[in-house]
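Visitor: Quick one: the structure is below, and I'll ask about it shortly.
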Amino acid sequence: MRSLSFYVAGHSWLHRMHPSTKLVLYALAFMLTYLVPWPLRWAFAALTLIGLWACGVSPAKYRFVLFVTAVATLTVPLLNGLWAVEGDPLVLPLWGDFGFHRLGLETGLAFSGLYTAIGMLTIAMLSTTQTWELAEAPTMLGIHHAVGFALAYAFRYMPEVAMHYLDLADVWRTRGVSFSEGWPWDRFWLQCRLLAALLILEFSQVRTKSNAVEARGFSLKHRATYYVLAPIPRADKALMLSVGLVTGVVAAWNAANFFLSRSA
Amino acid sequence: MSALARIEALRWRYSIGPWVLNDIALEVQAGERVGLVGRSGSGKSTLALTFNGIIPQSYAGQMGGRVVVAGKNAVTTAVSEMAHDVAMVFQSPDDQMSQILVHHEVASGPANLGLPLSDVHRRVADALSRLHIEHLADRETSTLSGGEKQKVALAAALAMQPHLLVLDEPTTDLDPRSRAELVQMLESLEDGLGIVIVSHDLDTIAPLVDRLVVVDDGAIAADRSAAEVFAQPELLSTHGIAVPQPVVIEHAQRSGQDPETLLGHRTRGAPSVATQVAIELRGVTFAYPKTSAPAVIDVSMQIGRGEIVAIVGNNGSGKTTLGKLMLGLLQPTSGHVYLQGEPIERLRPDLVGYIFQNPDAMLSQISVLEEIAFTPRLLGRADWREQTSHMLSRFGLADLQARYPLALSKGQRQRLAYAAVTAAGPPIFIFDEPTTGIDKPGCDQIMEYMDALRGEGKTIVFITHDMALAARWADRVVIMHTGRIGHSGTIGSLADLSDDELAHYHLRLPPLLRFARTPVA
């Protein structure tokens, strides 16, 4: 049975950072990326890629994601650049008036910069954090332990459910079902039925799973003992606060600009 | 002395259906090991769930009587509160792991009790070392084998430091090696801990229990010391429980019975393998993608038409992969598979019927009728209506033909799965672990069905880790070990294997077979 993990083993500062801190920084960086001008988004993405590489996570480890992102990154601005709006100057004519427009290209670059930066941040988070750390990160931030438990449970069972899906498909194939023949709609409908059967199969085991968890005293205490992660270090708290302040200032700056431009 | 657990006048029925527990009275003393035995559906698992209040608290139904464990009323005390005193291990190793890492799994119970962190760590270390599984501590639970998972579940239960440990069919889903290891671990648990083991497999739990409670039809049929029960084996067989083999042997010796008849082996005329080959494998090797070692290595064998062949071996020995290669579900990396003389390049439901371990996974249609007609219709059989109707009556499902398959009882669902595969009329059948988790009457029913198919000239291959089953029903046994055929021969040839050879294959010869083959002095 394979495990569900994107983790790349290492001992860098990013690997060692407390998962709860990483989670908060990830959320703040997410917001910052949205708030800053588009060239800075690209700078964020590039910095994250370089930083991640420096932490021992080579781009080769996530080359598929990188490839998909690169395709989207190139396609979105180009398609957007072809979409002319009134007053948008033509910067690269292809055929007569048809060609790439400046504002369109910029808007496309802004969008793809946002997605690329968020994608890189997500890769940084997932490749340097173990699934069990990720599951427990919210608990250490004061969120009810049931949330961390549910996340751990989901991570624990996802590979198993995937295996059940493949097993079920095999069972159907042995009875003469072909998933690769017929009209697309028929094949889609077949997959829907397979998923429904999988759901029924998984739900039939829910009772036992819930009994097993309950028999171990789950939900007995509102605050169970935190045994998975160590408390968040002070330095991390200071870091979270600093980044939080920067994000707050940038958000306030954006809000002020927005209201000023509206009143003007 | 006051009992650790006391059940008085207990009655229980689920919201739909009749009473499943009737006037149960039972006591378990501290340090006592009690076996709750009975056929499937006798109510023994339901009874076990009352010890920590899962019944009646987590199920809708009607209850009467009292259940008191360690001075707490299990009927009204929250299940999570009962966890201080009662720990449970369930049948399926896959359904009781909630955490990603093993040491987190073991720690989850004590942490739920709100113990100080140092106590949680101490309990985890204690539990893992008691069961000698410290090496698993940092493993991900999803990557463990079934036997390892069950050991971790036991460690997690022990970390709760309960007064009473309830084990609901803990060995059913395990291979013989893991089963023996788990039993050894349970035997090593110290005195003072009350243990209730639910099982229909007395061969496995006999060495563990002081007392046996026979449950049948929701009532206690007998409650005696294990020695007293074993002195009256007919008491067990009357209630659908397989008598432990050492007990059978002892009685046979006393009564001077012929050892050969004990085995109950169905003697038949051996089919002519040389002239009528149903399945042939020539130098078959198979490796799963991204794995270093092949799962099946250079296997060559022939199975004659009308033969029943058992493929035995421990988990990971390659027996299920071999079955899937015969089926055409997997294509060999090298070598060839021939069915009825034709090379198999794709799945052929008209040629091979495959019965999976979990029959529920085979049911996908909206009615019993549709389920049976499914494959014959896909195959374009002109006589699918007649065939479906024949199967409905043959498997006793005619009155249920409009019902939704998954709404049927377990036995009916199993019959339906068999009917659905048989309806395609394949000459070859492969059964994957057909009797796992099934009691003796159910097991006999399945094997009788195989025997009937054989009577119709069908070829049967069944994959199992139950050597006793193979010895009783198969014409030939193939032992798989690390992807290769370790041994292939008649049942009689098994007795020629030395203890070292059997240990090498991680198998044990059933006592009955060993006894039956022992030359009379």
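Visitor: How much length would be gained if the chain were fully extended between B:Gln401 and B:Thr291, taking 0.36 nm per residue of separation minus their Cα-Cα distance, in nm to one decimal?
Guide: 35.1 nm
Visitor: Another question, if that's okay. Residue by residue through segment B:2-13, what is 3J(HN,Hα) from phi via Karplus (6.51 cos²θ - 1.76 cosθ + 1.60, θ = phi - 60°)? Round to whole Hz and write x for glycine and proline.
Guide: For segment B:2-13, the Karplus curve yields 7, 6, 5, 10, 9, 10, 10, 6, 6, 10, 8, 9 Hz.
Visitor: A further question on this structure: Which one of B:Pro332, B:Met447, B:Gly240 is farthest out on the positive end of the charge dipole of chain B, using unit charges on Cβ (Lys, Arg +1; Asp, Glu -1) and the Cα centre as origin?
Guide: So the residue we want is B:Pro332.
Visitor: A further question on this structure: What would the Debye equation give as log₁₀ I(q)/I(0) for segment A:138-214 at q = 0.21, 0.22, 0.24 Å⁻¹, counting only Cα atoms as equal point scatterers?
Guide: At q = 0.21, 0.22, 0.24 Å⁻¹ the computed log10 ratios are -0.98, -1.03, -1.13.
Visitor: Based on Cβ point charges of +1 for Lys and Arg and -1 for Asp and Glu, what charge dipole magnitude is obtained for the protein assembly as shown about its Cα centre, in debye rounded to the nearest 20?
Guide: 1500
Visitor: Using Cα centres only, tell me the gap between segment A:104-152 and segment B:346-377 in whole Å.
Guide: A separation of 43 Å, based on Cα centres.
Visitor: Now for a different question. Which whole number in µm²/s is D for the protein assembly as shown by Stokes-Einstein, with the Kirkwood Rh taken over Cα pairs at 25 °C and 0.890 mPa s?
Guide: My calculation gives 81 µm²/s for D.
Visitor: Between rounded, prolate and oblate, where does segment B:91-161 land on the alpha carbon gyration tensor, with a ≥ b ≥ c its root eigenvalues, rounded for a/c under 1.5, else prolate if a/b exceeds b/c?
Guide: prolate
Visitor: Let me ask another. For each of A:Cys55, A:Cys192, count neighbouring Cβ atoms within 10 Å of the residue's Cβ, then give the residues from fewest to most.
Guide: Ordered from fewest to most neighbouring Cβ atoms within 10 Å, A:Cys55, A:Cys192 come out as A:Cys192, A:Cys55.
Visitor: While we're here: Output the relative contact order of chain A, whole-number percent, from Cα pairs under 8 angstrom with separation of 6+ residues.
Guide: 27
Visitor: Now, a different point. Going out from 0 in 10 Å bins, what whole percent of all Cα-Cα distances in segment A:1-129 drops into each bin?
Guide: Going out from 0 Å in 10 Å bins, segment A:1-129 shows 12, 35, 29, 15, 8, 1 percent.
Visitor: Which of the aspartates and glutamates could be linked to B:Lys319 by a straight reach, that is with a Cα gap under 14 Å, when you skip same-chain ones fewer than 8 residues away?
Guide: Filter leaves B:Asp175, B:Asp298, B:Asp432, B:Glu433, B:Asp466.
Visitor: Just name one of A:Gly99, A:Trp53, A:Ser112: the one whose Cα is farthest towards the positive end of the charge dipole of segment A:1-129 (beta-carbon charges, Lys/Arg +1, Asp/Glu -1).
Guide: Value computed over the given set: A:Trp53.
Visitor: Per-residue HN-Hα couplings for segment B:483-495, Karplus 6.51 cos²θ - 1.76 cosθ + 1.60 at θ = phi - 60°, whole Hz, x for Gly and Pro?
Guide: x, 10, 7, x, 7, 9, x, 6, 4, x, 5, 5, 5
Visitor: Moving on. For B:Phe462, enumerate residues with amide H under 5 Å from its amide H, sequence gap 5+ or separate chain, H modeled in the peptide plane.
Guide: Those qualifying (amide H under 5 Å, at least 5 residues apart or on another chain) are B:Val309, B:Ala310, B:Ile311, B:Phe431.
Visitor: Percent antiparallel among DSSP beta bridges with both residues in the protein assembly as shown, to the nearest 5?
Guide: Once the DSSP bridges in the protein assembly as shown are tallied, antiparallel ones form about 55 percent.
Visitor: For each of B:Ser255, B:Ser188, count neighbouring Cβ atoms within 10 Å of the residue's Cβ, then give the residues from fewest to most.
Guide: Fewest-to-most ranking of B:Ser255, B:Ser188: B:Ser255, B:Ser188.
Visitor: Here's another thing I want to ask about it. Would you list which aspartates and glutamates come within 16 Å of B:Lys72, measuring only between C-alpha atoms, while excluding same-chain residues fewer than 8 positions from it?
Guide: B:Glu8, B:Glu27, B:Glu81, B:Asp85
Visitor: Can you tell me which lysines have their Cα less than 25 Å from the Cα of A:Lys237? Leave out same-chain residues fewer than eight positions away.
Guide: Here the lysines satisfying the reach criterion relative to A:Lys237 are A:Lys22.
Visitor: Please give the contour-minus-distance gain from B:His504 to B:Glu190: 0.36 nm per residue of separation, less the Cα-Cα distance, rounded to one decimal in nm.
Guide: 110.0 nm
Visitor: To the nearest 20 debye, what charge dipole does segment A:167-247 have about its Cα centre, counting +1 at the Cβ of each Lys and Arg and -1 at the Cβ of each Asp and Glu?
Guide: Roughly 440 debye, rounded to the nearest 20.
Visitor: When DSSP assigns beta bridges and you keep just the ones with both residues in segment B:62-201, what percent turn out antiparallel, to the nearest 5?
Guide: Just about 25 percent of them are antiparallel.
Visitor: Follow-up. Among B:Ile372, B:Met391, B:Pro405, whose Cα sits farthest toward the positive end of the charge dipole of segment B:362-423 (+1 at Cβ of Lys/Arg, -1 at Cβ of Asp/Glu, about the Cα centre)?
Guide: So the residue furthest toward the plus end is B:Pro405.
Visitor: Taking 8 Å as the Cα distance limit and 6 or more residues as the minimum spacing, I'd like the relative contact order of segment B:362-423 as a percentage.
Guide: 48
Visitor: Residue by residue, what Karplus-based ³J(HN,Hα) values in Hz, rounded to whole numbers, does segment B:459-473 have, using 6.51, -1.76 and 1.60 with θ = phi - 60° and x for Gly and Pro?
Guide: Couplings: 9, 10, 10, 10, 9, 7, 10, 9, 5, 5, 5, 4, 5, 7, 10 Hz.
Visitor: While we're on this one: When only Cα pairs under 8 Å and 6 or more residues apart are kept, what is the percent relative contact order across segment A:105-237?
Guide: Relative contact order of segment A:105-237: 29 percent.
Visitor: Ok, one more. Restricting the calculation to Cα positions, tell me the Rg (one decimal) and the Dmax (whole number) of chain B in Å.
Guide: Over chain B's Cα set, Rg and Dmax evaluate to 24.4, 73 Å.
Visitor: What helices in chain A pass both tests, a Cα length along the helix axis of 20 Å or more and a mean Kyte hydropathy of 1.6 or higher, using whole DSSP H runs?
Guide: A:63-82
Visitor: What does DSSP give for segment B:363-503 in terms of the percent of beta bridges that are antiparallel, rounded to the nearest 5?
Guide: Looking only at bridges with both residues in segment B:363-503, the antiparallel portion is about 55 percent.
Visitor: Follow-up. Residues with amide H under 5 Å of B:Ile279's amide H, sequence separation 5 or more or different chain, H placed in the peptide plane at 1.01 Å from N; which?
Guide: Excluding prolines and chain starts, which carry no amide H, the hits are B:Ile303, B:Gln340.
Visitor: Can I ask one more? With respect to the cross-link table entries B:Lys44/B:Lys410; B:Lys324/B:Lys458; B:Lys44/B:Lys440; A:Lys209/B:Lys324, which display a Cα-Cα separation exceeding 22 Å?
Guide: Result: A:Lys209/B:Lys324 exceed 22 Å.
Visitor: Taking Rh as the Kirkwood radius, which is the inverse of the mean 1/r over Cα pairs, what is the Rg/Rh value for segment B:362-423?
Guide: With Rg and the Kirkwood Rh in hand, the quotient comes to 0.92.
Visitor: Shape verdict for chain A, please, from the Cα gyration tensor: rounded (a/c under 1.5), prolate (a/b greater than b/c) or oblate.
Guide: It is oblate, given that a/c is not under 1.5 and a/b is not larger than b/c.
Visitor: Next up: So if R0 is 25 Å, what FRET efficiency would A:Asp97 and A:Leu74 give, r being the distance between their Cβ atoms, rounded to the nearest 0.05?
Guide: 0.60
Visitor: Here is a follow-up. Rounding to the nearest 20 debye, state how big the charge dipole of segment A:138-214 is about its Cα centre with +1 on each Lys and Arg Cβ and -1 on each Asp and Glu Cβ.
Guide: 80
Visitor: Pull up all non-local amide H partners of A:Thr129: gap of 5 or more, or a different chain, and H-to-H distance under 5 Å with H placed in the peptide plane.
Guide: A:Val8
Visitor: Tell me, what is the FRET efficiency for A:Phe67 and A:Met163 to the nearest 0.05, using R0 = 22 angstrom and their Cβ-Cβ distance as r?
Guide: FRET efficiency, A:Phe67 to A:Met163: 0.25.
Taken together, the values in this text are just the output of simple stated rules run on the coordinates, not laboratory data. Since the structure is predicted, the reported quantities are computational estimates derived from the model, not experimental observations. All Cβ positions, even for glycine, are placed from backbone atoms using ideal geometry, and neighbour counts span all protein chains on display.
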